[in-house]
Amino acid sequence: MKTVLFFFLISISLFAQTKGVVKDSLSGKPISYVNIWVENENIATTSEEDGTFSIPVNGNKNLIFSALGYEKRTVKASQASEVLLSSKAFDLDEVVISNSIETKQIVIGVTENTIAQAFDNGPRMDVKYFPYKPDYKKTKYIKKVTLYTDSRIEDATIKLRFFKVDANGYPGEEMLKKTLIVSVKNGTKNNKIDLSDYNLVMPKNGLFVGFEKLMIEKNKKEKTVTDQNTQTTQIQKIYYPLVLYNYVEREALFTFSGGKWNKQLNEDKATPGKISVYEPAINLILTN
């Protein structure tokens, strides 16, 4: 697989830094890796392992806090020095234990485009849709997910997300009941993550698989960049790992930004049909 690397400078207005900590409302313990967005803006961050966070935002803006296992909460930035999240009750699905020996597996999601491009997508969450096919009936269990990454630091971490399809065709209910954090090695890697312990079954209406960038200190690398025209310098911050993307044609593209899901369609009435998009290089391995 050929790999092309793209780096984009993300300019953020000079707002005051809002700092705080996210805690469990009952235990008072810090919550790590909370997804924190400025409402309706492409500015976000992640809470550190000790629950602390810092985000450039004016005090009158709203911050949206979300984490697996907790109710989503919206708080004014000026009141976010300590944010308490309430636990969410899960309806546990019935787990069927099979005594059959695994004899068959298939890989789904492979694209014809073998040129993968890695770039910094900022805080946006990107997902890939996997439609259900009747052939999957005999290999309905999701055994592994493969994710192509490029990193310039050792043991960078990233969060994987699995969503059912809701009634409107958008990413809906989370399929995992606990957070899945993956550590990846330095360099360009094809990571294979074993999901056997999660007992995931391919839904009949398909699923979305995506990644959430953890914008924490251990994943950050900085370098000084000079503008050749103005000779001014600025600090470029990159949060690793970068995920590789394939350039494909799809009916729609779903991204999570500004605290909500967004759907991109072909709006060209002259040439209706599919759109060409960059899609995360994610594949699934199904088994019986």
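The values are calculated or read from the model by the stated rules, or taken from the named source; none is laboratory data. Note that the coordinates shown come from a computational prediction; the quantities given were computed from them, not determined experimentally. Methodologically, a virtual Cβ is constructed for each residue, glycine included, from the backbone with ideal geometry; neighbour enumeration extends over all protein chains shown. These accessible areas exclude ligands, DNA and RNA; they are computed on the full protein's heavy atoms, side chains included. Shrake-Rupley method; radii C 1.70, N 1.55, O 1.52, S 1.80 Å.
Largest GNM mean-square fluctuation among THR45, THR18, THR149, using the chain with Cα springs under 10 Å: THR18. Of all the options LYS204, LYS178, LYS223, the one that moves most in a Gaussian network model of the chain with Cα springs shorter than 10 angstrom is LYS223. Which residues does the label zone of TYR132 cover in region 158-193, counting backbone N under 13 Å from a point 7 Å along Cα→Cβ? The answer is 164-167, whose backbone nitrogens lie closer than 13 Å to the label point. Here the chain has 48 percent of its accessible surface on carbon and sulfur atoms, given a 1.4 Å probe and all protein chains in place.
Of the whole protein surface, SER196 contributes about 60 Å² of accessible area at a 1.4 Å probe radius.
Return the whole-Å distance between the Cα centroid of region 47-64 and the Cα centroid of region 164-208. Taking the Cα centre of each part, region 47-64 and region 164-208 sit 26 Å apart.
A 1.4 Å probe run over region 192-288, with the rest of the protein chains in place, finds 52 Å² accessible per residue. Look at the alpha carbon pairs under 8 Å that are at least 6 residues apart: their mean separation over the length of the chain gives a relative contact order of 23 percent. Cross-link check: pairs LYS19/LYS178; LYS76/LYS223; LYS220/LYS260; LYS19/LYS192 evaluated at a Cα-Cα cut-off of 29 Å; pairs beyond the cut-off: LYS76/LYS223; LYS19/LYS192. Exposure check, 1.4 Å probe, all protein chains in place: ARG161 carries approximately 40 Å² of accessible surface. All other residues with a Cβ under 13 Å from the Cβ of SER257 taken together, and with Lys, Arg as +1 and Asp, Glu as -1, what is their net charge? Value of the local net charge: 0.
In this view, the solvent-accessible surface of SER78, computed with a 1.4 Å probe and all protein chains in place, comes to about 90 Å².
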